[in-house]
Amino acid sequence: MLVGKRILLIIGGGIAAYKALDLIRRLQDRGARVRAILTRAGTEFVTPLSVGSLTGDKVFQELFSLTDENDMGHIELSRDADLLVVAPATADLMAKMANGHANDLASTALLATDKRVLLAPAMNVRMWLNPATQRNLVTLRADGVAVVGPNDGSMACGEFGPGRMAEVPEIIAAIEALINGSAAGRPLTGRHVVVTSGPTREAIDPVRYISNHSSGKQGHAIARAAAAAGAAVTLVTGPVALPDPAGVTTVHVESARQMLAAVEAALPADIAVFAAAVADWRVAEIAGGKIKKGAGGPPTLAFVENPDILATIARRTAGRPGLVVGFAAETDDVLGNARAKLTRKGCDLIVANDVAAGTGTFGGDSNLVHIVTSDGLETWERQSKDAVAEALVSLLARRITAS
Ligand code: CTP
């Protein structure tokens with residue numbers, strides 16, 4: 001329920017704007033009070049009169065309107081709400097938000113707010129898949145903006161694919177999760193969580209290295225989810241093409257030994273999650289100059305084993321984090337190997353995933369994981385890496401609170 005909660009609904013210009021009318025109704029059914037901003041493009045799809053009749057309030061439209069500003073200035077409008085919801089969120093509104101534009105009432109309210117923002121994107125499939133929109137989405141997520149949908153489906157323009165606005169019940173569920181989730185208290189408040197992410201790079205000479213596949217998406221999502229749950233988060237990451245998550249202390253490293261040193265420097269911690277794909281070996285001696293092709297043929301590289309960061313931290317007698325979580329990236333016998341890893345490395349929980357060719361786990365946005373502990377096994381359905389991160393963080397929050 002949303003009794004007494006104040007929602008500022010920003011209605012953008014898209015055919016899905018008609019669903020915003022039903023959304024207002026359903027929010028009111030749950031006890032929420034809804035105020036609406038209608039963008040200029042939004043007025044092409046729904047009228048201020050229909051929106052205002054439902055909200056029972058003035059519909060805010062103009063940034064420089066004397067009456068709007070007198071009734072309630074844009075700063076006050078955006079702060080006098082528990083949550084801002086943008087539905088439909090057009091490609092243009094997302095681009096403005098990602099770049100901090102403030103040239104109309106909607107974008108100004110979004111930039112001026114100190115509250116959480118939920119977007120329900122709706123647009124043509126090509127516009128959604130366009131690299132510019134996807135880039136904006138990554139930026140907005142990293143800024144802590146929540147997103148529901150879009151769904152796959154056929155569109156008003158006759159094409160099929162992702163871009164349909166989430167259905168009203170899905171938007172309501174997302175709103176309730178955001179409002180009640182924060183009201184329920186952020187379960188990791190006062191806790192320190194250390195997360196490793198991305199690959200490590202082990203230099204061969206000044207121009208070459210060996211490394212592992214890892215986009216860092218899952219580890220970064222865990223850092224974001226832990227921060228959203230109220231934790232102070234230190235993210236130790238190898239080289240990735242992802243932005244540093246907002247509200248997280250991010251330490252950039254290259255090699256496994258640097259990663260271990262950064263993790264040790266970040267302790268003490270309540271929870272440590274080792275999601276990095278650490279290179280198991282490094283070359284015994286890094287060449288000082290570039291190794292040249294020559295008469296001697298290809299060089300022979302001698303390797304030495306890298307420290308196991310997870311095992312080193314899990315086996316600490318003094319200052320071991322309360323919960324130590326490892327990942328197991330396996331191509332064969334996923335569960336057998338994960339169980340063996342749990343014992344061998346001395347951690348409390350292993351998140352096992354199948355990374356065999358064709359699973360799409362590496363670099364992809366979804367993940368199918370098994371949670372392996374000494375007393376059991378849970379298999380979670382395939383879901384987005386963000387959803388895996390949120391579910392893992394709430395599981396860890398429950399465990400750390402119970403311990
Ligand atoms: N890990 C680590 N330091 C290493 C190697 C691995 O911290 N030097 C951590 C990873 O972050 C992950 C877990 O150990 O949480 C398992 O990594 P994985 O590569 O699956 O296991 P390996 O130790 O490499 O074992 P194996 O080679 O037997 O698969």
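Just so it is clear, none of the values below were taken in a lab; they were calculated from the coordinates. Keep in mind the model is a prediction, meaning the values are calculated, not measured. When we count neighbours, we look across all protein chains shown, and the Cβ atoms used for this are built from the backbone with ideal geometry, even at glycine.
Cα centroid separation, the range 117-194 to the range 227-257: 22 Å. Principal axis analysis of the Cα atoms in the range 6-180 yields extents of 43, 34, 32 Å, listed in decreasing size. Scalar couplings 3J(HN,Hα) for the range 234-245, obtained by applying the Karplus form with A = 6.51, B = -1.76, C = 1.60 to θ = phi - 60°, are 10, 9, 9, 10, x, x, 9, 9, 10, x, 5, x Hz; x denotes Gly and Pro. Of all aspartates and glutamates in the structure, those lying under 14 Å Cα to Cα from Lys341, and not within fewer than 8 positions of it along the same chain, are Asp308, Glu330, Asp332, Asp333. Compare Gly230, Gly336, Gly322 in a GNM of the chain, Cα atoms joined below 10 Å, and give the one with the largest fluctuation. Among Gly230, Gly336, Gly322, the largest mean-square fluctuation in the Gaussian network model of the chain belongs to Gly336.
For the residues Pro199, Pro169, Pro299, a GNM of the chain with alpha-carbon springs under 10 Å puts the largest fluctuation on Pro299. Only DSSP H runs of four or more residues enter the estimate; each adds -39500 (n - 2.57), and after division by the residues of the chain the mean residue ellipticity at 222 nm equals -10500 deg cm²/dmol. Counting only lysines at least 8 places from Lys19 when in the same chain, those with an alpha carbon closer than 22 Å to its own are Lys5, Lys58. Taking amide hydrogens as placed 1.01 Å from N in the peptide plane, the amide H of Ala328 sits under 5 Å from those of Val351, Ala352, Asn353, each at least 5 positions away in sequence or on another chain.
Using Cβ point charges alone (K and R +1, D and E -1), the dipole size of the range 250-403 about the Cα centre works out to roughly 540 debye.
Once you reduce the range 322-351 and the range 94-109 to the center of their Cα atoms, the two points are 45 Å from each other. For Val253, nonlocal amide neighbours, meaning residues 5 or more places apart or on other chains whose placed amide H falls under 5 Å from its own, are Thr237, Gly238. Taken about its Cα centre, the chain carries a charge dipole of about 660 debye when Lys and Arg each add +1 at the Cβ and Asp and Glu each add -1 at the Cβ.
Phi angles of the range 152-167 translate, via the Karplus equation with coefficients 6.51, -1.76, 1.60 and θ = phi - 60°, into HN-Hα couplings of 6, x, 7, 10, 4, 7, x, 8, 10, x, x, x, 6, 4, 4, 6 Hz per residue; Gly and Pro are given as x.
Taking Leu349, Leu235, Leu49 as the candidate residues, the one with maximal mean-square fluctuation in a Gaussian network model of the chain, Cα springs under 10 Å, is Leu49. Peptides 388-398, 288-298, 10-20 ranked from most to least packed by the mean count of surrounding Cβ atoms within 10 Å: 10-20, 388-398, 288-298. With R₀ fixed at 22 Å, the C-beta to C-beta distance from Ala246 to Arg126 puts the FRET efficiency at about 0.15. For Lys217, the lysines whose Cα comes closer than 22 Å to its Cα, not counting residues fewer than 8 places off in the same chain, are Lys385. Each residue of the range 305-319 was assigned a 3J(HN,Hα) from its phi angle through the Karplus curve 6.51 cos²θ - 1.76 cosθ + 1.60 (θ = phi - 60°); the sequence is 7, 7, x, 8, 5, 4, 5, 4, 6, 5, 9, 4, 8, 9, x Hz, with glycine and proline shown as x.
In the range 6-180, taking the dipole from charged Cβ atoms about the Cα centre, the farthest positive-side position among Leu111, Ala89, Phe60 is held by Ala89.
When +1 charges are put on Lys and Arg Cβ atoms and -1 charges on Asp and Glu Cβ atoms, the dipole computed for the range 42-158 relative to its Cα centre reaches about 560 debye.
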